[in-house]
Amino acid sequence: AILKIYTHRPAERAQREITGLNLAAQADGLRVPVVLGHDTVDGALAWVSATRLDGTAPTDPHDEQATALLGTVAARLHALPDDALTGLPPFRRNIRPLPDDHHPVRTRLSAALAQAGPVQTAACVPGFVHGDYSARNVLLADGKDPGVIDFEGCGTGCVYDDLTNLCVQNCLIDGRDPHLALAAYHAESARLGRNIEVDTR
């Protein structure tokens with residue numbers, strides 16, 4: 001078993017983990033840990049015990065099959081029906097505001113974020129958000145469905161938050177091909193009847 005202890009927003013994060021695991025267990029073709037027990041010490045910490053998933057995270061950025069699978073797994077999470085998400089709180093981004101010190105790079109970045117915000121809001125597809133979706137939280141094992149772990153940041157929100165994290169963490173930084181991941185995402189989304197078409201902006 002795995003024991004996770006939360007010290008930052010402990011009760012909230014533990015509850016998100018439990019709710020997220022229970023919801024993701026309903027997704028087509030995914031393995032997730034099963035909650036064995038949990039408790040909260042008022043104002044101090046919370047813990048969740050769950051079964052261990054076998055498998056390893058895909059680390060090779062040149063593995064095209066694994067890159068496509070990352071898109072497929074995201075689509076399976078995002079295909080959870082909206083009526084199943086009623087007990088899940090809204091997703092909260094963990095973003096700190098940039099210092100207002102007129103640094104040229106920060107000024108340009110702030111302007112780009114301000115311009116992109118309305119575009120993302122208009123194109124947003126609401127649904128289940130893992131909150132920390134990347135290759136490090138996907139476990140692959142021969143002959144088994146892919147596994148997904150670490151749901152303590154999950155919530156209801158815009159599925160683009162997961163896709164943005166995937167593209168930044170695993171494509172922009174790690175060097176995976178974003179077109180492979182998004183093409184697999186589109187194909188699996190269509191197969192599951194969700195038909196989420198990602199606005200590439």
Scattering curve values for region 55-172, log₁₀ I(q)/I(0), Debye with Cα scatterers, q = 0.15, 0.19, 0.20 Å⁻¹
-0.78, -1.08, -1.15
Going out from 0 in 5 Å bins, what whole percent of all Cα-Cα distances in the chain drops into each bin?
1, 7, 14, 18, 19, 16, 12, 7, 4, 1, 0
Among Ala66, Phe91, Ser49, which residue has its Cα furthest toward the positive end of the charge dipole of region 39-93, with +1 on Lys/Arg Cβ and -1 on Asp/Glu Cβ?
Phe91
If you roll a 1.4 Å probe over the chain with all protein chains in place, what percent of the accessible area is carbon or sulfur?
54
Using a simple charge model, +1 on the beta-carbon of Lys and Arg, -1 on the beta-carbon of Asp and Glu, nothing else, what dipole does region 142-187 show about its Cα centre, in debye to the nearest 20?
140
Report, in debye and to the nearest 20, how large the dipole of the chain comes out about its Cα centre when Lys and Arg carry +1 and Asp and Glu carry -1 on their Cβ.
320
Please find the FRET efficiency linking Ala11 to Ile173, where r is the Cβ-Cβ separation and R0 is fixed at 41 Å, and quote it to the nearest 0.05.
0.80
In nm, to one decimal, how far is the modelled label at Asp145 from the one at Ala44, with both set 7 Å along Cα→Cβ?
3.8
Dipole magnitude of region 1-94, debye to nearest 20 (Cβ charges: Lys/Arg +1, Asp/Glu -1, about Cα centre):
280
Can you give the FRET efficiency for Asn195 and Gln26, using 1/(1 + (r/R0)^6), R0 = 25 Å, r = Cβ-Cβ distance, to the nearest 0.05?
0.85
Provide the packing ranking of 120-132, 76-88, 154-166, i.e. peptides ordered by the mean count of other C-beta atoms within 10 Å per residue, highest first.
154-166, 120-132, 76-88
Using r as the Cβ-Cβ distance of Arg106 and Thr164, and R0 as 25 Å, what FRET efficiency do you calculate, to the nearest 0.05?
0.80
Ignoring everything except DSSP H segments at least 4 long, calculate the 222 nm mean residue ellipticity for the chain; use -39,500 (n - 2.57) per segment, divide by total residues, nearest 500.
-11500 deg cm²/dmol
What accessible area per residue comes out for the chain, rounded to a whole number of Å², with a 1.4 Å probe?
55
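The values are calculated or read from the model by the stated rules, or taken from the named source; none is laboratory data. No experiment lies behind these values; they were computed from the predicted model shown. Cβ: placed from backbone, ideal geometry, glycine included. Neighbour counts: every protein chain shown. Ligands, DNA and RNA are excluded from the accessible area calculation, which covers all protein heavy atoms including side chains. Shrake-Rupley method; radii C 1.70, N 1.55, O 1.52, S 1.80 Å.
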